[in-house]
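Participant: First the structure, then my questions, so here it is.
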Amino acid sequence: MNRAHFDMESWAQERRVLSRRDALQRGFGGLAGAALTWWVSARARAADGKLTKAAVDYVEAGNVPGRDCEDCVQFVPGANERAPASCRIVEGEISPHGHCVAFAPRPRV
């Protein structure tokens, strides 16, 4: 009976060591993942806090009907026809017929 008790204690002790090891590995992995995410997002953002065109795979002319920049909630048209359009989340001039992965459709009225 003492032998069974000893094995149970030894198993429990071994299990605690593995759990600590797993926790440390997961903790360091999570910390590394968070640091990498922060680093990538900081590099993808422009000086004004907007995303770079490369970060959102922006193209001047989209090829998916109904998913052009002018159909997106983030699109900001120019003051007149000749004024450049922009985006709330992507840096620089934006073509009304462009497209990116951050597309969010305008609500239908």
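The values are calculated or read from the model by the stated rules, or taken from the named source; none is laboratory data. Please read these numbers as outputs of a predicted model, since none were measured by experiment. So basically every Cβ, Gly included, is an ideal-geometry build from the backbone, and we count neighbours across all protein chains shown. We work out accessible area using only protein heavy atoms, side chains counted, and drop any ligands, DNA or RNA first. Shrake-Rupley method; radii C 1.70, N 1.55, O 1.52, S 1.80 Å.
Participant: From G66, G62, G78, grab the single residue that is open to solvent by less than 60 Å² (accessible area, probe 1.4 Å), modelled with pLDDT under 95, assigned to a loop (DSSP other than H, G, I, E, B) and on the phi > 0 side of the Ramachandran plot.
Facilitator: None of the others qualify; the one that does is G66.
Participant: Out of everything in segment 86-109 that is among the β-branched types (V, I, T) and part of a loop (DSSP other than H, G, I, E, B), what residue ends up being nearest to A55 (Cα to Cα)?
Facilitator: Once the filter is applied, the top-ranked residue is V101.
Participant: Just to be sure I understand, how many residues within segment 74-90 are closer than 19 Å to V59 by Cβ and out of contact with any strand residue (DSSP E or B) (no Cβ under 7 Å at 6 or more places or on another chain)?
Facilitator: Summing the residues that are closer than 19 Å to V59 by Cβ and out of contact with any strand residue (DSSP E or B) (no Cβ under 7 Å at 6 or more places or on another chain) in segment 74-90 gives 1.
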